[in-house]
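Student: Here it is, the structure, as structure tokens.
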Amino acid sequence: MSITILYFAWLRERTGTGIEQLVLPQGVSTVADLIAFLRGRDAAHDAAFASPLVRAAVNQVFARPETPLSPGDEVAFFPPVTGG
Amino acid sequence: MRRIRVHPDDFDVGAESAALLAACKQAGALASFTGVVRSTSAHPITALYLEHYPGMTEAALDRIAAEAESRFALLGCTLIHRIGTLEPGQNIVLVLAAAAHRQPALDATGFLIDFLKTSAPFWKKEIFPDGTSAWVFPRDGDAQAASRW
């Protein structure tokens, strides 16, 4: 079973990806693990996640680097919010 | 009475106010905030593009509204946020709060817009006259405004 990854705003533009499915790789059990895995995949992801401004949500709730991941989760990456 | 909408279409402040009041017969006060796309001579833009996270946005707005209802004893509130490409002068966001008296209605309106700005997943991109664009960065003042509650 895989996880769904969503990218918004400049994370979407810099990674060139809006949504993707990924089978959780061995050793990836938290948001921080997933970011490290994605950064190692290609230069675009590495550059996008180099910013300290990247925020995450797991199953549509704001998450932290140590938030655990499970198969079936929806993980989203985005910059700080600027609505209103 | 909680009304939450996220869509590209414009809203009519008068019609929304009347609809909320009609659903809150005990209200003695209705406060409102309207956010508008701004272009100035010092920082001219031709358009503002608004993106959001469907699903999480509505859930976040629902949580913020529920918190305001309990903190300020609201009789009802309305949150409408537009998405897509908007031009200077056009409406972005509407907050309405209905309560028995003015102070809770005014306070709830401030609380709702401050928390919407810091905890609902919307992102703004400015489009400039030369055709370039840039994502907006949050201002320090936004977090400070939310922390006063």
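Student: Can you pull out every residue in region A:33-54 that is under 12 Å from the mean Cα position of the chain (by Cα) and aliphatic (A, V, I, L, M)? Write out each step before concluding.
Tutor: To start, the set of residues in region A:33-54 that are under 12 Å from the mean Cα position of the chain (by Cα) comprises A:33-39, A:45-46, A:48-49, A:54.
Passing the criteria: A:34, A:35, A:36, A:38, A:48, A:54.
Student: Among what's in region B:108-134 and is surrounded by fewer than 18 Cβ atoms within 10 Å (Cβ to Cβ) and more than 13 Å from the chain's Cα centre (by Cα), pick the residue that is farthest from the other protein chains (Cβ to nearest Cβ).
Tutor: So the residue we want is B:129.
Student: Which residues, taken from region B:96-148, are hydrophobic (A, V, I, L, M, F, W, C) and without any contact (Cβ under 8 Å) to a residue 60 or more places away in the chain? If you could, list the steps in order and put the result at the bottom.
Tutor: Of region B:96-148, the ones hydrophobic (A, V, I, L, M, F, W, C) are B:96-100, B:105-106, B:108, B:111-113, B:115-116, B:120, B:122-123, B:127-128, B:134-137, B:143, B:145-146.
B:111, B:115, B:116, B:134, B:135, B:136, B:137, B:143, B:145, B:146, listed by residue number.
Student: Quick one: count up the residues across region A:12-27 that are crowded, with 16+ Cβ neighbours inside 10 Å and assigned to a loop (DSSP other than H, G, I, E, B).
Tutor: Selection size over region A:12-27: 2.
Student: Another question, if that's okay. Within region A:69-84, restricting attention to residues that are more than 11 Å from chain B (Cβ to nearest Cβ) and under 12 Å from the mean Cα position of the chain (by Cα), which residue is surrounded by the most Cβ atoms within 10 Å (Cβ to Cβ)?
Tutor: From region A:69-84, those more than 11 Å from chain B (Cβ to nearest Cβ) are A:69-73, A:75; that's our starting set.
Pick out the ones that are also under 12 Å from the mean Cα position of the chain (by Cα) and you get A:69, A:73, A:75.
Working: A:69: 19, A:73: 19, A:75: 21.
That would be A:75.
Student: Is it true that residue B:65 is touching a Cys at 6+ places or on another chain (Cβ under 6 Å) and either surrounded by fewer than 16 Cβ atoms within 10 Å (Cβ to Cβ) or farther than 19 Å from residue B:123 by Cβ (or both)?
Tutor: Details: touching a Cys at 6+ places or on another chain (Cβ under 6 Å): yes; either surrounded by fewer than 16 Cβ atoms within 10 Å (Cβ to Cβ) or farther than 19 Å from residue B:123 by Cβ (or both): yes.
Yes; evaluated as a whole, the condition is true for this residue.
Student: Further, regarding this structure: Being part of a strand (DSSP E or B), small (Gly, Ala, Ser) and in contact (Cβ under 8 Å) with a residue 24 or more places away in the chain is the filter here; which residues of region A:28-77 pass it? Show your work before the answer.
Tutor: If we filter region A:28-77 for residues that are part of a strand (DSSP E or B), which is where we start, we get A:30, A:55-58, A:61-63, A:68, A:74-77.
If we keep only those that are small (Gly, Ala, Ser) too, we end up with A:56-57, A:63, A:76.
The answer is A:56, A:63, A:76.
Student: One residue is enough: does region B:94-103 have a residue meeting the conditions at the interface with chain A (Cβ under 10 Å from one of its Cβ atoms) and either touching a helix residue (DSSP H, G or I) at 6+ places or on another chain (Cβ under 7 Å) or surrounded by fewer than 19 Cβ atoms within 10 Å (Cβ to Cβ) (or both)? First the steps, then the outcome.
Tutor: Initial filter on region B:94-103 (at the interface with chain A (Cβ under 10 Å from one of its Cβ atoms)): B:95.
Subset that is either touching a helix residue (DSSP H, G or I) at 6+ places or on another chain (Cβ under 7 Å) or surrounded by fewer than 19 Cβ atoms within 10 Å (Cβ to Cβ) (or both): B:95.
Yes, there is a match, as at least one residue in region B:94-103 is at the interface with chain A (Cβ under 10 Å from one of its Cβ atoms) and either touching a helix residue (DSSP H, G or I) at 6+ places or on another chain (Cβ under 7 Å) or surrounded by fewer than 19 Cβ atoms within 10 Å (Cβ to Cβ) (or both).
Student: Right, something else. Go through B:44, B:54, B:88 for me and flag whichever is surrounded by fewer than 18 Cβ atoms within 10 Å (Cβ to Cβ) and touching a Ser or Thr at 6+ places or on another chain (Cβ under 6 Å). If you could, list the steps in order and put the result at the bottom.
Tutor: On the way: B:44 fails: touching a Ser or Thr at 6+ places or on another chain (Cβ under 6 Å); B:54 fails: touching a Ser or Thr at 6+ places or on another chain (Cβ under 6 Å).
After applying the criteria, what remains is B:88.
Student: Take the residues of region B:117-145 that are assigned to a helix (DSSP H, G or I) and polar (S, T, N, Q): which is farthest from residue B:89 (Cα to Cα)? Steps first, please.
Tutor: Going residue by residue through region B:117-145, those that are assigned to a helix (DSSP H, G or I) are B:117-119, B:140-145.
After this cut, where a residue has to be polar (S, T, N, Q) as well, the list is B:118-119, B:144.
Working: B:118: 23, B:119: 25, B:144: 26 Å.
So, considering only residues that are assigned to a helix (DSSP H, G or I) and polar (S, T, N, Q), the one farthest from residue B:89 (Cα to Cα) is B:144.
Student: Taking the condition of being surrounded by 15 or more Cβ atoms within 10 Å (Cβ to Cβ), away from chain B (no Cβ under 12 Å) and out of contact with any Leu (no Cβ under 6 Å at 6 or more places or on another chain), how many residues in region A:47-68 meet it?
Tutor: 3
Student: Just one of A:37, A:49 is among the aromatic types (Phe, Trp, Tyr) and either modelled with pLDDT under 95 or out of contact with any Phe, Trp or Tyr (no Cβ under 9 Å at 6 or more places or on another chain) (or both); which is it? Talk me through it step by step, then tell me what you get.
Tutor: Values: A:49 fails: either modelled with pLDDT under 95 or out of contact with any Phe, Trp or Tyr (no Cβ under 9 Å at 6 or more places or on another chain) (or both).
Only one candidate qualifies: A:37.
Student: Just to confirm my filter: which strands (runs of 3 or more DSSP E) fall fully inside region B:1-116 and include at least 3 residues that are over 26 Å from residue A:6 (Cα atoms)? I'd like the intermediate steps shown before the answer.
Tutor: Details: elements: B:2-7, B:29-36, B:47-52, B:76-82, B:84-86, B:91-99.
Answer list for region B:1-116: B:29-36, B:76-82, B:91-99.
The values are calculated or read from the model by the stated rules, or taken from the named source; none is laboratory data. Please read these numbers as outputs of a predicted model, since none were measured by experiment. For neighbour counting, all protein chains shown are included, and Cβ atoms are generated from backbone atoms with ideal geometry for every residue, glycine included.
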